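Working notes, beginning with the structure itself.
The values are calculated or read from the model by the stated rules, or taken from the named source; none is laboratory data. This structure is a prediction, so every number in the text was calculated from the model and none was measured. Here the Cβ positions follow ideal geometry from the backbone for every residue, glycine too, while neighbour counts run over all protein chains shown. Surface areas here come from the heavy atoms of the whole protein model, side chains and all, with no ligands, DNA or RNA. Shrake-Rupley method; radii C 1.70, N 1.55, O 1.52, S 1.80 Å.
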Amino acid sequence: MKKIEYPKGFIWGAATSSYQIEGAWNQDGKGESIWDAASHTPGTIKNGDTGDVACDHYHRYKEDVKLMKDIGLKAYRFSIAWPRIFPLGKGKINNKGVEFYDNLVNELIANDIEPCVTLYHWDLPSELNKVGAWESREVVNAFVDYAKFMFNHFGDRVKNWITFNEPLVFAVWFYFFGIYGKKDIASGIRATHLVNVAHAKAIEAYRSSGYSDGQIGITLNLNSIYPKTNSSLDVEGAKIVDGVINRWFLDPVFKAEYPSDIVPIFEKELNFPPIPKDDLKILEENPMDFIGINNYSCTRVGVKKPEDLNDLGKLLLPKRPEKGVEVSEMGWEVYPDGLYDLLKRVYNDYNHPLIYITENGMACKDDIIVDNIVQDDDRLSYLERYFEAAHRAISDGVNLKGYFVWSLMDNFEWIEGYSKRFGIIRVNFETQERIWKKSALWYKEVIRDNGFNMKK
Ligand code: GCO
C-alpha cells in the first residue's frame, strides 16, 4: 500500500457542459444551437437521442449542487449555453438565461464550491452557423462581445474562466464530420486559427473588465503520442501526429506561433493561408494564466509505408488499440503513464505553466446496483491510477493545481447519445433519479483526506 497525499489546497472538482446536462433546450427564450439542430436531424445521434431534456439540470440545479456538496467538491467546471444568453448569438440579451446562471453561480458560492466557467463547450448559436461559424471573423467578434458581457456580469463572483473547450474537436473534427453542415477538413484547420484569435481577444477583454483577481485560460484535449516501434517511419509518423493534435494547439496559445514542421504540410495539403501578423501579435500580447488539459488515453502511431507519412487522414484517424490492451467502453486505451508523460512534457516544453486537469474519467459498463450504489469498480480503478500518475508529476515539480473528474453525472455523450456513461453519479434518464456510484463514494474520501492509499 502506498500513501498518496496532494499539496495543501489542491482543487478537487468535477466537470460537465451545458448541452450535455441542461435540457430545457427551447425554454425561457433560449435560441437554437448547432447541437439542437444536429440532434434533431435523424440519423446523427445514436438511438435518435437528443439533449432536449438530458439530465434536466436546468430545473434540478439545486439538487445537483447539493450532490456536489455531499461529495465535497471544491470546484465545479460547467459551461454556458451561449444561445441562452444571446439567442441569436449577438444583439438582444435573454434575461431569463442570465438569471439561470446567476442562480447556479450563487448556489455554488453559497455552498463553498468555486465556479469554473467554460464560455464555449460546443453549443454555437445556430444563427452564427449561418454566417460561417468558426471560419468567420463575424463569429469571432460575436464571441468576444458575448465574453465581455459574461465578464462584466459574472466577474464579481466567477474567478476562473476557460475560453474554449477542445478546439481540436469542435474546429477540426466537427468540420470533418459535418456538424456545421459541410464536410471539409481544410475549413476546419483554417477555423482553428480564428478560434485562437477569439481566445486571445477574450483574454484582452477580460483584462480590461476590471476583475484582475481572477484567472483565464483555455482547455485543450491533449494526448501523449508514442511510436509503436522504434522504426524511423513510426517515429516520424508520431512526430507529425503530435504536431497536429498537440503542438498545433499549444504553440499558438503559449508562444504565439504555429509549429514550423506542420505549417508547410497544411499549406501544401489543405491550402492553409498565410497567418496575418496582426493576429499573432494579439496572441503574443494576451498570454493566458493557465492551461486546462483534458486527457483520457494515449495515441500510438504505426506507419507501414513511407507514402503513408503524406496521408494525414490515415495518420490521424483513431485506430483501435491492439488486442489485450485495457480499454474503456469508448475503446480508448487506459494508460495512466500517458497522463504523467503529458503533464511533464507540457510543463517542460511551455515554460512551466500553471496546469489544471479539466477533464479525466472513464466510460464503463456500470449497470449493477447493490443497496442503491452503482458498482463501477472499473471507473474507480481507472481514477485511482490516473490520480496516482498526476501525483507523480506533481512530485516531479509540475505545477498542477487541480483535477476535474469527467463527469459529475451520466449525460449526453454527443454522437453516442446516452449509450455511454461517464458519471460518478448515475442518472436514471427515465425518472431523473440520481444514484451514487462507488467511484463517487471513493472520491468523497479522497477529497476529505486530500489523498488516498494506493492498493497496488
Ligand atoms: C470531450 C468533451 C466532453 C466529453 C468527454 C467524454 O472531450 O469530448 O469535453 O464533453 O463528454 O470528453 O468524451
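What to note about this one:
- The residues of the chain present an accessible area of 40 Å² per residue when probed at 1.4 Å with all protein chains retained.
- Virtual paramagnetic centre 7 Å along Cα→Cβ of residue 177, amide N under 17 Å, in the range 316-333: 316-320, 329-333
- Beta bridges per DSSP, both residues in the range 354-456: antiparallel share near 45 percent.
- Among the protein heavy atoms of the range 115-158, carbon and sulfur supply 47% of the accessible surface, probe 1.4 Å, non-protein parts ignored.
- Centroid-to-centroid separation of the range 299-349 and the range 381-456 [C-alpha atoms, Å]: 22
- Net charge, residue 411 excluded, C-beta distance under 10 Å - Lys, Arg +1, Asp, Glu -1: -1
- The order of the peptides 70-77, 57-64 by mean Cβ neighbours within 10 Å, most packed first, is 70-77, 57-64.
- Expressed as a whole percent, the accessible surface of the range 342-411 that belongs to carbon and sulfur atoms is 46, based on a 1.4 Å probe.
- Projecting the Cα atoms of 424, 372, 386 onto the dipole axis of the range 337-445, where Lys and Arg carry +1 and Asp and Glu carry -1 at the beta carbon, places 386 farthest toward the positive end.
- Inter-part distance where the range 217-267 and the range 12-79 are each reduced to a Cα centre, Å: 32
- Beta bridges per DSSP with both ends in the range 72-228, % antiparallel, nearest 5: 0
- Within the chain, DSSP assigns beta bridges of which about 20% are antiparallel (rounded to the nearest 5).
- Extreme residue, positive dipole direction of the chain, given options 86, 331, 171 (C-beta unit charges): 331
- Multiplying the residue separation of residue 27 and residue 419 by 0.36 nm and removing their Cα-Cα distance gives an extension gain of 138.6 nm.
- Between residue 263 and residue 349, the distance separating the two model label sites (each 7 Å from Cα on the Cα→Cβ line) works out to 1.7 nm.
- Computed E for residue 450/residue 325 - FRET, C-beta separation, R0 30 angstrom, nearest 0.05: 0.40
- With a cut-off of 13 Å on the backbone N, the residues of the range 361-379 near the modelled label site 7 Å out from residue 435 along Cα-Cβ are 366-376.
- For the chain: rounded, prolate or oblate by the Cα gyration tensor [a/c cutoff 1.5]: rounded
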